[in-house]
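Take a look at the structure set out below.
Derivation of every value follows stated rules applied to the coordinates shown; laboratory data play no part. Predicted model only: the values in this text are computed from it and were never measured. Note: ideal-geometry Cβ built from the backbone for every residue, glycine included; neighbour counts use all protein chains shown.
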Amino acid sequence: LERTFIAIKPDGVQRGLISEIVSRFERKGFKLVAIKLVVPSKEFAQKHYHDLKERPFFSGLCDFLSSGPVLAMVWEGEGVIKYGRKMIGATDPAKSEPGTIRGDLAVVVGRNIIHGSDGPETAKDEIALWFTPKELVSYTSNEEKWVYGVN
Ligand code: GTP
Ligand code: MG
């Protein structure tokens, strides 16, 4: 099954939104395969956002990501990369639909509380950047047969 990298940024952690956000992914039927709380270095943040290095907000963005605890996670499920992005909502919370995480819980683009991989390649790269293979946990969830309807 497909996997994606999801991170609650320092603003989401500080605002006490961990349980709210984790709960949305759980209730959807996706499966948590890795989770840890980390304070990334600025160099690490620059690696994570390397594709944005030409943007004017890059330095501020990397300062912010490395300013406090980030909840790094890997979620697994059919279509989780695309659907996870849908659950997160548009980059700018002013444009995110109500019902999405950013639409419901954030106000400005520089403090949009959550990150999600934007495609299969970035998902693979980001999972490898944030987690060692050993930290990805393989287990059978009793819910799977109910979520997918297979035995
Ligand atoms: P991520 O899931 O965090 O990668 O967001 P995204 O994929 O919806 O957007 P993108 O990758 O283009 O930008 C990464 C992050 O940079 C965003 O989540 C914002 O936090 C920040 N960002 C993007 N555009 C702007 C901007 O115009 N101004 C500021 N201050 N921050 C921005
Ligand atoms: Mg992005």
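Remarks
- When we screen S59, S41 for residues that are within 13 Å of ligand 1 (Cβ to nearest atom) and farther than 26 Å from Y148 by Cβ, the only hit is S59.
- Each residue in the stretch 105-137 was checked for being surrounded by fewer than 16 Cβ atoms within 10 Å (Cβ to Cβ), of a type outside the set (D, E, K, R) and more than 14 Å from ligand 1 (Cβ to nearest atom), and 6 of them qualify.
- Test: residue in the stretch 70-86 that is more than 21 Å from P120 (Cβ to Cβ), out of contact with any Asp or Glu (no Cβ under 8 Å at 6 or more places or on another chain) and not small (G, A, S): yes
- Of E78, E54, all but one fail to be within 16 Å of ligand 2 (Cβ to nearest atom), surrounded by fewer than 16 Cβ atoms within 10 Å (Cβ to Cβ), part of a loop (DSSP other than H, G, I, E, B) and acidic (D, E); the exception is E54.
- In this structure, V33 does not satisfy being more than 16 Å from ligand 2 (Cβ to nearest atom), surrounded by fewer than 16 Cβ atoms within 10 Å (Cβ to Cβ) and among the β-branched types (V, I, T).
- Filtering the stretch 96-137 to residues that are away from ligand 2 (no atom under 15 Å from the Cβ), without any contact (Cβ under 8 Å) to a residue 24 or more places away in the chain and farther than 21 Å from Q14 by Cα leaves E97, P98, G99, A128, T132, P133, K134.
- The set of residues in the stretch 97-124 being among the hydroxyl-bearing types (S, T, Y), out of contact with any Phe, Trp or Tyr (no Cβ under 6 Å at 6 or more places or on another chain) and within 19 Å of V22 (Cβ to Cβ) consists of T100 alone.
- For the residues S19, S66, S59, the requirement of being surrounded by fewer than 17 Cβ atoms within 10 Å (Cβ to Cβ) and either within 16 Å of the chain's Cα centre (by Cα) or among the aromatic types (F, W, Y) (or both) singles out S19.
- For the stretch 4-16, residues that are buried (at least 22 other Cβ atoms within 10 Å of the Cβ) and over 9 Å from the mean Cα position of the chain (by Cα) total 1.
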